[in-house]
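Just below is one structure, and these are the notes that go with it.
Please treat every number below as a calculation from the coordinates, not as lab data. Just so you know, these numbers come straight off a predicted model, no measurement behind them. Neighbour counts run over all protein chains shown; Cβ positions are idealised from the backbone, glycine included.
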Amino acid sequence: MSTEQVQAGQVQAGRRRLSPSRIVRAGEILELVRHGQARTTGQLADQLGVARSTVNDRVEVLLASGMLTLDAAASVGSRGRPASTLSFNPRSGVTLAAQLGISGVRLAVTDLAGEILTSKMIDIDLTTGPAAVLELVTTSFDETLRDLGTDPAQVHGIGVGMPAKIELAPHAGDADWSSEAVCAELSNWLPVPIFVDHDVNLLAFGEHCTRADDIEVLISLKVGTVIGCGVVVNGTVVQGTSGLAGEIGHTRVGASEEPCSCGNLGCLNAVASGGALARRLRANGVDAPNARAVAALARSGHVEAGHAVRMAGRDIGEVLAGVVNLLNPAVISLWGYLAEAEEQLIAGIRESIARSAQSGPAGDIRIEPATMGADAGLYGAAMMVVEHALRPTAVDSYLLTQQPSS
Ligand SMILES: [Zn+2]
């Protein structure tokens, strides 16, 4: 970890206290610099349509907070005047990210660019209940922040990914795992902005953030023990009226009567998820304990497993064809154990989409593995925090709390 991070927020000694009116709009300045739209005081003044002195006040606050740095090696202008350039310093603060899984929790501290500074896995069953799990999470965050030498005042927010309600239901009992309950518990520990979302939504958001290209519609498909997807439109995760957008795992496919955990018959999850494939292969005497084993067998050339994954791809593609016709996505990214057998899976998906969906010019939809591996969910959670914490108004509020007391 860089020393700037440890020191940021501690550089208040000797600083004068500025009135709030001299801080407002500092967030806009940070945003322009962060997105590379302005680098110097002059450019900032032009873009905002304000005087340089107005910009200077805000830049001073941003420099003191550590959020901006002045480029020491700045080029000397043609007339010998140094043209100092400003840069965003992602190490000026941190986010806390947590991914709650059915049988374990992954935690990370990231910088403000979503880069993971440290992460750990805790084995705990969600059936233990929210109080016990979240206490372990907060204790662990406390320890990690201490180890990093990071002041909790530098935490800009907490992002939490959780399984969808339907997935959680068989394990939850009477426990309240609602996002409101999780937020309440965490904000008792640290009163910062908290974002709780389905893990598939955070995967989708993280995938969107890793791509520099402007993608209007991105679908991120999780094909693991269960199937689900996240939808990002114009940079925003689509939640749906009841927060159920993307639950394609519970769309009925074909004529299957296979019972699903949701109580219906023939859901995509019951037919084509990694869990369903493993069960079916085991019934035929194949040693396939789980979704990961199914993918490994398929990759190694096991005919029956390869066929099963390809058929699953077709079933998934059948459901995705409806999504494609509805939203016309540019990218469908695949994440999860079954995606490790990408050749068979993508072939199956493509067959169904070609048969059942309208597509534009050939190759219009990119169906490809996700760009991030195991850390994708944590990255998505961190970026969700960053997205909100670095909004101009949020930055202004944050800087006000960082002002030296008079
Ligand atoms: Zn179902």
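The table below lists the values:
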read-out	value
Peptides ranked, highest mean first, by Cβ atoms within 10 Å: ranges 285-296, 107-118	107-118, 285-296
Shape of the range 306-374, Cα gyration tensor, a/c cut at 1.5	oblate
Nitroxide proxy distance, nm - points 7 Å out along Cα→Cβ at Ala296 and Val238	3.7 nm
In sequence order, calculated HN-Hα J values of the range 196-209 (Karplus, 6.51, -1.76, 1.60; Hz; x Gly/Pro)	10, 8, 5, 4, 5, 5, 6, 4, 5, 5, x, 4, 4, 6
Convex hull of the range 115-182 built on C-alpha atoms - directionally averaged projected area, nm²	5.4 nm²
Net +/- balance of residues flanking Val331 in space, Cβ distance below 13 Å, scoring K and R +1, D and E -1	-4
Rounded if a/c under 1.5, otherwise prolate or oblate - the range 175-214, Cα gyration tensor axes	oblate
Environment charge of Ala97, counting only residues whose C-beta is closer than 12 Å and scoring Lys/Arg +1, Asp/Glu -1	-3
The chain, relative contact order [Cα under 8 Å, separation at least 6], %	18 percent
Placed amide H near Ile124: partners under 5 Å, 5+ positions off or other chain	Gly104, Val105
From phi via Karplus (6.51, -1.76, 1.60), per-residue ³J(HN,Hα) for the range 117-133 in Hz, x at Gly/Pro	8, 7, 9, 8, 10, 10, 7, 8, 7, 5, 5, 4, x, x, 4, 5, 5
Per-pair calculated FRET efficiency, R0 = 30 Å: Ala169 and Ser356 via Cβ, rounded to 0.05	0.45
Full-extension gain in nm, Ile122 to Gln37, via 0.36 nm per residue minus C-alpha separation	26.5 nm
Residues of the range 326-349 with amide N under 17 Å of a point placed 7 Å along Cα→Cβ from Asp213	328-334
Label zone at Asp71 (point 7 Å along Cα-to-Cβ), backbone N below 14 Å, the range 28-43	33-43
Highest-MSF residue in the chain out of Gln37, Gln99, Gln344 [GNM, Cα springs under 10 Å]	Gln37
Percent RCO, i.e. relative contact order, over the range 276-377, from Cα pairs under 8 Å lying at least 6 residues apart	29 percent
Contour minus Cα-Cα distance for Asp147 and Ala184 (0.36 nm per residue)	10.8 nm
Prolate/oblate/rounded label for the range 139-273 (Cα gyration tensor, a/c 1.5)	oblate
Neighbour-count ranking [beta-carbon atoms within 10 angstrom, fewest first] of Tyr379, Tyr398	Tyr398, Tyr379
